[in-house]
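Notes for the one structure printed next.
The values are calculated or read from the model by the stated rules, or taken from the named source; none is laboratory data. This is a predicted model, so every value here is computed, not measured. All Cβ positions, even for glycine, are placed from backbone atoms using ideal geometry, and neighbour counts span all protein chains on display.
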Amino acid sequence: MQKKTDKRLRADLFRTRLAEALQTRGTTQSALARAVGVDRSTISQLLKGSGARLPNAQVVGECASALGVSADWLLGLTDRPETAADILANTMSLTEAPRALVDEQIFQWHKEAAGYKIRHVPAGLSDMLKTRKMMEWEYAPHLGRSTRQAIGASEDRLTWMRGTQSDYEMAMPLYEIESLVRGEGYYAGLPRDIREAQIDRLLDVTRQLYPRLRVYLFDARRLYSAPITIFGPLLAVIYIGQNYMAFRDTERVQALTQHFDHLVREAHVTARQLPDHLHALRAAL
């Protein structure tokens, strides 16, 4: 239950914060009066009064709007001066997601989170795990004539990401790897030799980088996840196609972290079991 504040104390706090907002904004009493639509003397009284009386909601709201702060902050109901819209803008953003390997935004987020554990549910097979032939087959329709140049630049970024001190956990649905092996669904038309080389690559990378890289496979008939990446405690990003939806507030980052950890706990194939699983699939080829 929220503790009630004495009316006089709240009025004193209002006057203090109104003066602080005026100073921070670099606005005069006359300019604020014009913006609010009252006489300058009214603003002066709001700042110099000594009683327990607060202005009406209309005046409080107009002062907050003119000074770029929230009415709740002026009234002492919160310690954050930002408006609700500003708070939302600072904690959630929508960023363009170009259809290209490791784009600049993803790379910057990885650098920002260097040293933290990174949890990742890729939209398909993670670029960190792909062969060059696989990337050429997959991205040629999107990158056009510059495919090789773009892949070269992305390989440099992937090398940097693999070389950081960050731990990586990845969770993918079982069918992703099985579809790759069989050349079905998304991977229809992918030549067998590329598929075989890609499975060998998965075996090599997951063995060489374990335990810093741990890959889990979950049963999509029981569990579902949108493509997400969680950059330690700093940031959680959901991939929605043409955009990334990024969250920086602690509550949402923790909620998505818990979702990812649930995928790991319920994994059908654990990171330790993955090599045996891949060997079995490779033998089936």
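Before moving on, here are some points about what is shown:
- Listed by position, the strands (runs of 3 or more DSSP E) inside region 204-285 whose residues that are surrounded by 15 or more Cβ atoms within 10 Å (Cβ to Cβ), of a type in the set (A, V, I, L, M) and free of Cβ contacts under 8 Å to residues at least 40 places away in the same chain number at least 1 are 235-239.
- Taken over region 1-57, the residue count meeting the criterion of being aromatic (Phe, Trp, Tyr) and not in a helix (DSSP H, G or I) is 0.
- Residue in region 192-200 that is surrounded by 19 or more Cβ atoms within 10 Å (Cβ to Cβ), touching a residue at least 12 places away in the same chain (Cβ under 8 Å) and within 21 Å of Glu266 (Cβ to Cβ) present: no
- Flag if Ser70 is under 16 Å from Ala21 (Cβ atoms), in the same structural domain as Gly26 (by TED's automatic domain parsing), at pLDDT 85 or above and not aliphatic (A, V, I, L, M): no
- Scan of region 238-285 for residues that are acidic (Asp, Glu) and in contact with a strand residue (DSSP E or B) (Cβ under 9 Å, 6 or more places away or on another chain), ordered by number: Asp249, Asp261, Glu266, Asp276
- Every condition in (1) of a type outside the set (S, T, N, Q); (2) part of a helix (DSSP H, G or I); (3) out of contact with any Leu (no Cβ under 8 Å at 6 or more places or on another chain) is met by Leu77 except one, and the failing one is (2).
- Among residues of region 27-42 that are not assigned by TED's automatic domain parsing to the domain that holds Ala71 and of a type in the set (Phe, Trp, Tyr), none has a beta-carbon under 8 Å from a residue that is loosely packed, with under 15 Cβ neighbours inside 10 Å and outside any helix (DSSP H, G or I) at least six positions away or on a different chain.
- Residue within region 146-162 that is under 19 Å from the mean Cα position of the chain (by Cα), part of a loop (DSSP other than H, G, I, E, B), surrounded by 14 or more Cβ atoms within 10 Å (Cβ to Cβ) and modelled with pLDDT under 95 present: no
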